[in-house]
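First comes the structure, then the notes that go with it.
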Amino acid sequence: MLRLEFRDVRITYTTQTASGRGEIAAVDGVSLVVEPGSTVGLAGESGCGKSTLAVSVLRLLPANAKVEGKILLGDENVSELSWGRLRSVRWTEASIVFQGAMHSLNPVRKVRDQIAEALIIHAKGVDAQYKQESARTARVNELLEQVGLPKAKGLSYPHELSGGQKQRIMIAMALACDPDLIIADEPTTALDVVVQAQVLDLLTALVRDRGLSLIMISHDLSVLAATCERIVVMQEGRIVEQGPSLKIMRNPQHPHTQALASAFPVIGDLSSRLKLPTYTAPNAPHAEPGAASVPHESRPALAARDLSVTFSARGSGAVRAVDSVNLTCNTGEIVALVGQSGSGKTTLARTLLGLQKPTSGEVLFEGTPLSHKRKALKVYRRAVQFVLQDPTAALNPKHSVYEAVAEGPRLHKLDGDERDIVAAALAKAELNPPEKFFTAIPQELSGGQRQRVVIAGALALEPEFLVADEPVASLDASVRAGVLALLLKLKCELGLGALVITHDLGLAWNIADRVVVMYQGRIVEEGPVEEVLLNPQHEYTRRLLSVVPTRESPVATAGAPLREQALENDAQDGVR
Amino acid sequence: MSAPAAQGKRINVAAARRRQRAVEVWKEFASNRAGLTGLIILVFVIALAALIPLFAPPSVLDVTQVTSPQNDPPSLENPLGTDPAGRSVLALLIWGARISLVVGFAATLVSMLIGTVVGMAAGHFTGATQAVLMRIIDFFLVVPGLVLAIVLSSVIGPGVATIVVAIGVTSWAGTARLVRSQTLTVESRPYIERAWALGAGDGHVITKHVLPAVMPLVLANTTLTVGSAIIAESTLSFLGLGDPSSISWGAMLKSALDTGAATGGYWWYVMPPGLAIVVVVLCFTLVGRALESVINPTLRGR
């Protein structure tokens with residue numbers, strides 16, 4: 001078995017910085033030992049150097065990276081391996097499950113050929129049998145079985161598989177040459193909760209059955225706690241805290257660990273209901289006494305009546321993305337629309353915004369049906385604004401913050417001084433002082449600041465309602481809380497209603513008043529947050545709740561029967 | 001605060017950023033040795049062509065006023081020899097550069113304008129508009145450009161303007177396809193969706209988001225097209241479709257062929273225009289490639 005040791009490792013990138021060419025230390029003096037057969041979780045926010053550290057094990061760093069210190073794989077120093085030796089180490093002794101399964105698979109080759117690729121490359125010595133086609137076929141079938149996929153799935157192309165199935169293929173690829181060490185780089189980040197639980201279960205089972213060492217990277221502590229014995233928390237290239245998973249989760253010492261741990265609330269914990277580190281709603285169960293609730297009138301703002309959207313799909317006829325949905329959202333209320341990916345929640349949001357024409361049914365705004373005439377739409381769009389998922393992509397990289405925020409007011413020719421409108425909107429989105437941000441371009445801002453700019457752009461039009469599509473899904477844990485606090489504050493102080501689309505039930509628990517659960521295009525359950533999340537009625541809602549990793553009950557033990565059933569469903573899932 | 005003051009300040013901010021960006025682009029461009037060499041040679045050629053009346057008045061090209069012998073080989077008096085009419089080949093060459101460059105630039109401008117507008121429209125609009133535009137682009141892609149240009153100039157009559165129109169009209173389709181694909185890429189970005197949600201119309205999306213995104217591509221493509229336009233001009237002039245009274249490099253080659261200079265061993269009348277075409281087109285290509293690598297950093301070092 002293989003022991004991995006980082007001995008005072010320092011990795012620097014030579015790159016273009018604000019002050020000319022310079023060096024950035026991505027990993028700064030890390031020492032860490034991974035004993036054979038142990039599981040280690042690397043936690044930290046984006047840019048903390050966790051991925052750099054992980055890929056350095058196989059020397060997969062880009063050419064502008066420089067490694068100092070020792071990375072010992074067994075008793076060999078990785079940075080001194082000859083090219084031939086390195087090639088044979090890659091995959092046979094240590095392999096990687098890459099982050100985006102959808103981008104790491106070759107779209108034009110069958111997945112079983114991609115799994116076999118590693119076998120062909122390493123078919124020498126003891127593995128020489130894999131030069132034969134039949135031996136390879138048998139091995140690939142075995143691997144597919146190990147990751148819980150039927151043999152026939154191997155004949156699919158990547159686009160025909162769901163996200164979870166693709167991630168399983170990636171794991172099968174990593175297992176192909178029987179490595180002793182597997183590095184999983186954010187293996188579940190792009191997946192929704194149900195699929196995430198399945199992939200985590202699979203990894204846990206493989207580690208248990210085959211005695212692998214596992215290094216798992218994630219920004220979500222609860223995911224790590226579910227699979228790893230030990231958690232190492234990194235910040236700015238250094239290790240700030242490490243220890244057994246349960247201890248880190250229950251009793252974090254370092255402030256950064258505490259921030260990471262508190263970012264994902266525990267559903268049912270009243271101290272995180274309608275309360276975030278920076279803002280507490282007046283009507284929260286744990287609100288400070290004396291904070292009087294400002295009553296806002298609650299009237300129906302946005303409603304869907306018997307709304308259906310059908311897409312024509314090749315081969316299998318039509319797909320009903322949204323199926324006879326009835327929904328009412330009021331002003332001064334945050335409604336969370338939760339569901340797995342593919343449940344039609346984004347299509348519903350786009351239809352509510354008039355970006356997608358409904359196949360049947362209608363969207364009502366303040367009681368009047370939404371028309372698809374250009375003029376009427378423009379008036380409507382002033383009142384209902386959109387906050388997109390990925391703020392980095394939602395801002396034109398060529399436009400300054402000022403231009404991005406002023407875009408709406410210019411389009412609608414708002415009265416008043418443009419500069420004042422922009423400044424006021426930025427201030428409302430808590431970008432203070434606004435003048436400081438006017439000339440900045442998006443790439444100079446952090447992820448959280450970018451999302452605030454998008455929100456400011458929406459607020460500049462003084463809308464009555466916001467539709468937010470996964471507003472924090474692409475953000476780091478620490479800024480997630482800030483953006484959610486902003487949404488909650490806008491609701492409590494300005495009476496702005498919002499429909500927040502998410503697959504994160506913790507988010508709903510944090511800020512929402514009402515939850516709407518969507519499954520396969522239909523709304524299966526809706527009601528006040530406490531009622532739905534603490535006492536779910538529909539079977540699907542229960543399933544969603546059962547797979548949320550929690551601090552007290554790591555996913556590896558909770559709700560196993562339900563998840564196994566889900567796993568079966570996924571395996572039987574037809575070609576998508 | 002008064003509105004005009006705010007307006008003024010806003011423009012200053014944008015202008016400052018643009019200036020800063022221009023400096024960055026220049027620095028990156030200048031670090032490309034080949035591109036810089038091409039640019040220096042081009043500036044030299046253009047300056048020479050612009051200033052030639054100061055050194056060699058048009059009278060030196062007047063056949064009735066020449067004093068040198070015909071088909072004289074290179075000498076101190078005529079560094080590149082004389083043509084069959086006794087005119088200095090060097091003077092002809094530099095005067096010819098004027099027409100060749102003007103036609104090259106003008107034809108490229110026509111081609112880029114049509115290509116950008118049609119390309120953006122074909123990428124932005126969907127349905128019937130797009131289908132019709134795409135078929136028009138396809139038509140111009142498959143039509144043999146030279147044949148169409150010959151037909152056009154025989155219909156409109158020979159002349160510089162004819163050549164410009166002929167080249168411009170036949171060479172825009174490639175640009176249009178390029179611009180269309182870039183438009184499609186840009187329009188799939190979420191910030192376009194955000195603009196729609198803010199209440200934007202077609203005009204806003206095209207001018208504020210798509211045009212700035214395709215412009216760098218169009219500019220890099222322009223320098224590449226100028227080169228091929230100069231070749232096309234030489235071809236058309238060589239085939240006798242240009243203005244017979246104006247001198248261009250293609251026209252010089254034609255007259256070399258017509259008067260037997262090419263077969264009579266008078267190499268000094270054939271080589272210079274040929275080499276001039278090669279050098280100028282090469283320089284435009286070098287500059288274009290360098291610009292491309294500035295715009296698209298992934299091409300750097302390839």
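The values are calculated or read from the model by the stated rules, or taken from the named source; none is laboratory data. Bear in mind the structure is a predicted one, so any value in this text is a computation, not a measurement. With ideal geometry, Cβ positions are generated from the backbone for all residues, glycine too; neighbour counts draw on all protein chains shown.
Restricting attention to segment A:413-439, the residues being assigned to a loop (DSSP other than H, G, I, E, B) and facing chain B (nearest Cβ under 10 Å) number 4. Against the list (1) in a helix (DSSP H, G or I); (2) modelled with pLDDT under 80; (3) not polar (S, T, N, Q), the condition residue A:268 fails is (1).
Residues that are loosely packed, with under 15 Cβ neighbours inside 10 Å and in contact (Cβ under 8 Å) with a residue 60 or more places away in the chain within segment B:147-183 comprise just one, B:154.
If residue A:511 passes every condition in (1) surrounded by fewer than 24 Cβ atoms within 10 Å (Cβ to Cβ); (2) more than 14 Å from chain B (Cβ to nearest Cβ) but one, which one does it miss? Of everything listed in (1) surrounded by fewer than 24 Cβ atoms within 10 Å (Cβ to Cβ); (2) more than 14 Å from chain B (Cβ to nearest Cβ), residue A:511 misses just condition (1). Just one of (1) within 22 Å of residue A:221 (Cβ to Cβ); (2) of a type in the set (Val, Ile, Thr); (3) buried (at least 20 other Cβ atoms within 10 Å of the Cβ) fails for residue A:33. It is (3).
Considering A:127, A:75, the condition of being surrounded by 13 or more Cβ atoms within 10 Å (Cβ to Cβ) and either farther than 18 Å from residue A:170 by Cβ or among the acidic types (Asp, Glu) (or both) is satisfied by A:127 alone. For segment A:440-461, residues that are outside any helix (DSSP H, G or I) and within 13 Å of chain B (Cβ to nearest Cβ) total 4. Pairing residues of segment B:15-32 that are more than 15 Å from residue B:216 (Cα to Cα) with residues that are assigned to a helix (DSSP H, G or I), at Cβ distances under 7 Å and at least 6 apart in sequence or on separate chains, gives B:30/B:36; B:32/B:290; B:32/B:293. From the list B:200, B:195, the one residue that fits, being at the interface with chain A (Cβ under 10 Å from one of its Cβ atoms), touching a His at 6+ places or on another chain (Cβ under 8 Å) and among the small types (Gly, Ala, Ser), is B:195. Screening residue B:26 on (1) more than 14 Å from every other protein chain (Cβ to nearest Cβ); (2) at pLDDT below 75; (3) under 30 Å from residue A:438 (Cα atoms) shows it passes everything except condition (2). Applying the criterion of being of a type in the set (Val, Ile, Thr) and in contact with an Asp or Glu (Cβ under 8 Å, 6 or more places away or on another chain) to the residues of segment A:195-223, the residue that is farthest from residue A:135 (Cα to Cα) is A:217.
Would you check which residues across segment A:382-398 are facing another protein chain (nearest Cβ under 8 Å), part of a helix (DSSP H, G or I) and touching a residue at least 40 places away in the same chain (Cβ under 8 Å) and list them? Result: A:382, A:394. If you go through segment A:232-256 and pick out every residue that is among the β-branched types (Val, Ile, Thr) and either over 22 Å from residue A:25 (Cα atoms) or out of contact with any strand residue (DSSP E or B) (no Cβ under 7 Å at 6 or more places or on another chain) (or both), you end up with 1. Flag: residue A:93 does not match the condition of being of a type outside the set (A, V, I, L, M), touching a Ser or Thr at 6+ places or on another chain (Cβ under 8 Å) and in contact (Cβ under 8 Å) with a residue 60 or more places away in the chain. Output yes when any residue across segment A:383-393 is surrounded by fewer than 19 Cβ atoms within 10 Å (Cβ to Cβ), over 28 Å from the mean Cα position of the chain (by Cα) and at pLDDT 85 or above, and no when none is. So far as segment A:383-393 goes, yes, one or more of its residues are surrounded by fewer than 19 Cβ atoms within 10 Å (Cβ to Cβ), over 28 Å from the mean Cα position of the chain (by Cα) and at pLDDT 85 or above. Helices (runs of 4 or more DSSP H) fully within segment B:209-302 that include at least 1 residues being free of Cβ contacts under 8 Å to residues at least 40 places away in the same chain, crowded, with 18+ Cβ neighbours inside 10 Å and touching a Pro at 6+ places or on another chain (Cβ under 8 Å): B:249-258.
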